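Below you'll find the structure, written out as structure tokens, and then a few comments.
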Amino acid sequence: MPELPEVETIRTAIEPLIRGERLIEIELRDRTIIRGDAEAFRSSVMNTRVTDVTRRGKHLLLLLETGRGIALHLRMTGSLLLKEPERPNRVRAVLSFANGTRLFFSDMRRLGTITPVESIEDYICRLGPEPLGDEFTPDRLACCLAKHRIPVKAALLDQHIVAGIGNMYADEALFEAGMHPLTPANALRDEQIFHLCQAIRAVLERAITCQGASINTYALPNGERGTAHDTFRVAHKQGAPCPECGATIARLMIRKRGACYCPSCQHLRNDSTV
Ligand SMILES: [Zn+2]
């Protein structure tokens, strides 16, 4: 599933190709990809210039010269590709630009969305802090988590609490912080919050350097695979030995999502209960 590092990798790849370019055609092969009226969307954005390509959490944002925007969310299996993929039946939309660049929104499970946005600020204001932004400090993270008496793993996946982290990077960050995924979010001590904040940044930055993780369908716009999954220590590693202590990586379910962790390195403190 594309998380912050994967979306940031896509943004970095397409930004120089479409920034300043005019959107000249939107081919909708599956109209359900559009949130709202598909025809109204087409007419409102056709022949407008893209002034910037940004990201917030897992949302890729195309800012238009009209002040409006287009928000793309890849959800579970979405990809943005520069060439028609080998399985064209997975392509749900094609965005064409005046310089010849074409973006194929490929999406096996068809959960991804394209949302017309009147105001980017209004669209992103409901999201939690950006983990790679200056505002993401231990104090801010402590403030975000303090209101939630839920497992810290579940809190990290809630985009209203912190934006951009999904299942695999939450597992990696909790391992790096030495924190059990069931630790109550509102029971973390200052020192634990500090380590978790550092771990989240480190894990996400490392994954961006590797151009994301291609566990399943994720690919870069040029079709290549990211390599961040090669650096994973617990995510998707159930049954493998812990790289730190050799104990067997375990998996438990937290709110219907699997959590991989090392039972030896990531202790649940005796005074922690959810
Ligand atoms: Zn271990």
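For every residue, the table says whether it meets (1) under 30 Å from residue 201 (Cβ atoms); (2) touching a residue at least 40 places away in the same chain (Cβ under 8 Å); (3) not acidic (Asp, Glu).
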{"site": "19", "(1), (2), (3)": "yes, no, yes"}
{"site": "34", "(1), (2), (3)": "no, yes, yes"}
{"site": "44", "(1), (2), (3)": "no, yes, yes"}
{"site": "48", "(1), (2), (3)": "no, no, yes"}
{"site": "51", "(1), (2), (3)": "yes, no, yes"}
{"site": "68", "(1), (2), (3)": "no, yes, yes"}
{"site": "75", "(1), (2), (3)": "yes, yes, yes"}
{"site": "81", "(1), (2), (3)": "yes, yes, yes"}
{"site": "95", "(1), (2), (3)": "no, yes, yes"}
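Evaluating residue 199 against the criteria (1) of a type in the set (A, V, I, L, M, F, W, C); (2) open to solvent by 10 Å² or more (accessible area, probe 1.4 Å); (3) under 20 Å from the mean Cα position of the chain (by Cα) leaves one unmet condition, (2).
Just to be sure, is residue 258 under 15 Å from residue 4 (Cα atoms), open to solvent by less than 30 Å² (accessible area, probe 1.4 Å) and away from the ligand (no atom under 16 Å from the Cβ)? Answer is no for this residue. Every condition in (1) open to solvent by 30 Å² or more (accessible area, probe 1.4 Å); (2) away from the ligand (no atom under 13 Å from the Cβ); (3) small (Gly, Ala, Ser); (4) farther than 30 Å from residue 86 by Cα is met by residue 223 except one, and the failing one is (4).
Listed by first and then second residue, the pairs with beta-carbon distance under 7 Å, at least 6 apart or on different chains, first residue in the range 237-258 and assigned by TED's automatic domain parsing to the domain that holds residue 150 and outside any strand (DSSP E or B), second away from the ligand (no atom under 14 Å from the Cβ) and open to solvent by less than 80 Å² (accessible area, probe 1.4 Å), are 255/154.
The values are calculated or read from the model by the stated rules, or taken from the named source; none is laboratory data. On a predicted model such as this, the values are computed, not experimentally measured, just so you know. Please note: Cβ atoms are built from the backbone with ideal geometry, for glycine as well, and neighbour counts cover all protein chains shown. In case anyone asks, the SASA skips ligands and DNA or RNA and just uses the protein heavy atoms, side chains included. Shrake-Rupley method; radii C 1.70, N 1.55, O 1.52, S 1.80 Å.
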